[in-house]
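These notes are about the structure you will find just below.
The values are calculated or read from the model by the stated rules, or taken from the named source; none is laboratory data. Here the structure is a predicted model, which is why all the values come from computation and not from measurement. Note that each Cβ is placed from the backbone with ideal geometry, even for glycine, and that neighbours are counted across all protein chains shown. Quick note on the areas: whole protein, heavy atoms, side chains included, nothing else; ligands and nucleic acids left out. Shrake-Rupley method; radii C 1.70, N 1.55, O 1.52, S 1.80 Å.
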Amino acid sequence: MKAIKAKPFFRGVRLRGRKELSENMSAERPDLAGCEIAIPMKQHVGAPAQPIVSAGERVLRGQPIAVGTGTVCAAVHASVTGTVTAVEERADGRGGRCMFVVIAPDGTDDEAFYPSLEQRDPASILQRIRDCGIVGMGGAGFPSHIKLSPPVPVDTLIVNGAECEPYLTCDDVLMRENRDAIVRGAGYMATALGAQRILIGIERNKPRAAALFEESGLPVILLKKQYPMGSEKHLIYCCTGRKVAPGKLPADVGAVVQNVATALAVCEAVERGKPLIERVVTLSGDGITTPKNLLCPIGAPLSALANACGGIKETAVKMVAGGPMTGTALTGTNAVVTKTTSGFLFMTADETNTQPPTNCINCGRCADVCPMHLMPMQTEFYVNAKEYDKAETYGGVLACIECGACSYICPARRPLAQAIKTAKEQLRRKA
Ligand code: SF4
Ligand code: SF4
């Protein structure tokens, strides 16, 4: 089936992709011999999972090690077979702390997956997705069993293969290497949702993936290379022409978006009973010796992954978890792979902004590019004055999707997206 042209949206930014650094590197398993695997209990939106194992216990790959607590949460499973050496609070390398279950792998392949799902009706699929701890793997980390149970009827499932952030190629490689499983996983999700239509959105800079999916029979929406194309609201508009109003959810216009990696995880959960225990991660940037895509167990240490890529160069000045636009700056190499880690970037001074901000020159470029039609310079003014209510009343900050396009385009290097995040945080605390 020939790809369908997408509806255009006219804001956002055109970014240098840098995909060439790793797009031809197949997903390979790194050598993690001798490494401890530290699995965080907070890898998703909602309450942290509650550990159900203790130090000294042997656990099998795929065995539940933590259960979901509260309405919004996700279970966590052992990603390797071995002995639990600690259940303790640690720094997460991203500026926070949480509980970890630490496992010393014993090198065996013993597994504790669920049986293949026989009854593939909506309720059974949703329960399997919940049991397997599947969350949105595109970065949001929202538990998938909840997202696939919207309160209103949905007719369209959109599979997100946009991967619009520079450097990241994990989804591109995943699509090229697992097309049929992704199509089947999308089918299971559509059954769970009761959706009659499945679309897959792929940016034009991934022609091999787009061609493969065209052959699969799934309608492909060929998207312009434009940031933030992967944002749910923009993807829904470009694929269906439906507009999600501020404060509304995709389900309100009859659509749900799920990432391609989530579709693969759902397929493996349904057909093989495999929980979400591993994912493909891109290691890239001019500050790493050999950029690669690595298939990593959840909890794999960044330091070992960097070694698998030939090591971090001395010229690296900044490390980021995720993409350069929405990722989190790392405080050290003690970060680990989580269910939502799409990449680790190692950036040199040429690739990142290390200069201090200067005064706003009122050029208006931040407002010109904002895909949500906000006024970032005005919002930053209110945030600096700690007038958070005005930031919402006059700046509409709660509609911000935190894409970072405003900060990127600003000639004065103002930390606009950071200011907006601060305002949103303060307003949420007050609510
Ligand atoms: S204000 Fe928010 S939505 Fe608009 S460009 Fe900045 S980060 Fe993106
Ligand atoms: S882009 Fe930067 S300098 Fe221009 S108006 Fe916005 S904040 Fe001011």
Between segment 221-258 and segment 128-189, how many Å separate their Cα centres? 14
Counting only protein heavy atoms and leaving out ligands, DNA and RNA, the solvent-accessible surface of M137 at a 1.4 Å probe, in Å² to the nearest 10, equals 10
Tell me, what is the percent relative contact order of segment 78-215, built from C-alpha pairs under 8 Å that lie six or more residues apart? 20
How high is the FRET efficiency from A385 to E89, r the C-beta distance, R0 45 Å, rounded to 0.05? 0.80
Which trypsin sites (Lys or Arg not before Pro) in segment 112-178 sit in a loop by DSSP (not H, G, I, E or B) and have at most 16 other Cβ atoms within 10 Å of their own Cβ? R120
If the elastic network links every pair of Cα atoms under 10 Å, which of N359, N178, N293 fluctuates the most in the Gaussian network model of the chain? N359
Modelled FRET efficiency - R0 60 Å, E314 with A123, Cβ distances, 0.05 increments: 0.65
In whole percent, and with a 1.4 Å probe on the protein chains, what portion of the accessible area of the chain is carbon and sulfur? 51
So how far apart, in nm, are the two label points at A211 and L427 if each is 7 Å from Cα heading toward Cβ? 4.6
Are there chymotrypsin sites (Phe, Trp or Tyr not before Pro) in segment 311-415 that DSSP marks as loop and that have at most 15 other Cβ atoms within 10 Å, and which are they? Y394
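Taking the mean number of other Cβ atoms within 10 Å as a proxy for protection, how do you rank 149-157, 108-116 from highest to lowest? Mind dumping the intermediate values first?
Values: 149-157: 16.2, 108-116: 13.0.
Answer by packing, highest mean first, reads 149-157, 108-116.
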Give the percent of DSSP beta bridges with both residues in the chain that are antiparallel, rounded to the nearest 5. 60
Contact order relative to length of the chain, as percent, for alpha carbon pairs under 8 angstrom and 6 or more apart: 19
Spatial separation of Cα centroids for segment 300-343 and segment 23-101, in angstrom: 17
Near-label residues of segment 61-88 by backbone N, under 17 Å of a point 7 Å along Cα→Cβ of A112: 61-68, 75-87
With each label point set 7 Å from Cα along the Cα-Cβ vector, what nm distance links C98 and R204? 3.8
Surface accessible to a 1.4 Å probe, T69 within the full protein complex, Å²: 50
Which entries of K19/K424; K7/K318; K7/K147 have Cα-Cα distances beyond 30 Å here? K19/K424; K7/K318
So if R0 is 22 Å, what FRET efficiency would T69 and S303 give, r being the distance between their Cβ atoms, rounded to the nearest 0.05? 0.10
With Cα springs under 10 Å, the Gaussian network model of the chain assigns the largest mean-square fluctuation among A304, A265, A399 to A399
Is any helix in the chain, taking whole DSSP H runs, at least 15 angstrom long along its axis by alpha carbon and on average at least 1.0 on the Kyte-Doolittle scale, and which ones? 260-272
Compute a Gaussian network model of the chain, connecting alpha carbons closer than 10 Å, and tell me which residue from H373, H145, H234 fluctuates the most. H373
